[in-house]
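Since the structure comes first, as structure tokens, the remarks are kept for the end.
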Amino acid sequence: MSTFLWVIFPYICLATFVVGHVWRYRYDKFGWTTRSSQLYEDKLLRIGSPLFHFGILFVAVGHFLGLIVPQSWTERAGMSQELYHIVALLGGLPAGIACLVGLAILVYRRRTVGPVFRATTVNDKVMYAVLAVVIVLGMWNTIAGTLLNLGIAGDHYNYRDGVSPWFRQIFWFQPDASLMAGAPIGFQLHALLAFLLFAMWPFTRLVHVFSAPIGYFTRPYIVYRSRDERPGTATGTRAQKRGWERIG
């Protein structure tokens with residue numbers, strides 16, 4: 001079971017993540033969208049969306065520092081483990097709270113606004129539930145990890161000695177299951193549900209993460225012409241302006 005949970009299951013989820021995106025892009029290009037519902041309601045959206053997106057952005061940065069950056073690198077930079085965990089707590093907890101509050105507002109909006117609720121698929125509903133649990137567990141682990149590392153609550157445990165090396169080993173195809181088998185249950189559940197979320201990703205609205213409108217900056221200008229009669233077009237004396245002007 002330990003081998004399945006910490007070696008086989010992560011690769012199943014990552015394979016589903018990659019193959020699922022390829023499949024959906026090939027056979028469901030027109031469904032590759034957030035299914036925007038701003039036209040139905042925008043007051044709650046203007047509050048919940050920035051909170052969630054900026055919160056999840058800082059959460060992702062924190063995970064990168066905690067999982068990808070080795071402990072030895074931060075120690076060489078002069079940051080002790082105690083200081084690192086305190087900084088992680090002070091930075092990660094507000095980001096997690098903002099993310100969770102934003103998600104709660106967005107879910108409330110989807111549940112209470114009829115047209116928005118009807119535009120929500122079953123896959124997205126399940127995804128919201130899993131995402132909420134992952135965020136809550138992450139916040140709990142941030143608090144518990146700091147307390148355990150400082151020896152305030154329970155036996156000393158530093159996730160950068162266990163969870164982080166195991167996560168990096170996955171991409172080297174050499175994961176050590178014993179590193180996660182000895183981790184507290186909160187870290188184990190967070191890791192399992194996070195990989196489950198990756199497996200669900202291609203089949204939900206989360207695919208819009210890979211649809212950044214980069215082409216917007218290079219697209220040609222859109223020319224709008226009015227049908228209204230303007231001065232200069234018939235009896236007026238002022239010349240009509242061009243439909244577009246060259247920048248610079």
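The values are calculated or read from the model by the stated rules, or taken from the named source; none is laboratory data. Not measured: the values here are computed from a predicted model. Positions of Cβ are generated from backbone atoms using ideal geometry, with glycine treated the same way; all protein chains shown enter the neighbour counts. These area figures cover heavy atoms from the full protein model, side chains too; ligands, DNA and RNA do not enter into them. Shrake-Rupley method; radii C 1.70, N 1.55, O 1.52, S 1.80 Å.
General observations
- Within region 87-116, the residues that satisfy the criterion of being more than 16 Å from Val59 (Cβ to Cβ), open to solvent by less than 70 Å² (accessible area, probe 1.4 Å) and touching a helix residue (DSSP H, G or I) at 6+ places or on another chain (Cβ under 7 Å) are Ile105, Val107, Arg109, Arg110, Val116.
- As for region 200-212, it holds at least one residue that is modelled with pLDDT of 85 or more, charged (D, E, K, R) and open to solvent by less than 20 Å² (accessible area, probe 1.4 Å).
- You will find that of Ala129, Ala183, Ala191, the residue that is open to solvent by less than 30 Å² (accessible area, probe 1.4 Å), out of contact with any Lys or Arg (no Cβ under 7 Å at 6 or more places or on another chain) and part of a helix (DSSP H, G or I) is Ala191 and no other.
- Any hit, region 142-160, residues being at pLDDT 90 or above and either within 18 Å of Ala194 (Cα to Cα) or buried (at least 19 other Cβ atoms within 10 Å of the Cβ) (or both): no
- Here His21 passes the criteria (1) on the phi < 0 side of the Ramachandran plot; (2) open to solvent by 40 Å² or more (accessible area, probe 1.4 Å) except the one numbered (2).
- Among the residues listed as Leu65, Leu83, the single one being open to solvent by 60 Å² or more (accessible area, probe 1.4 Å), farther than 27 Å from Ser49 by Cβ and assigned to a helix (DSSP H, G or I): Leu83
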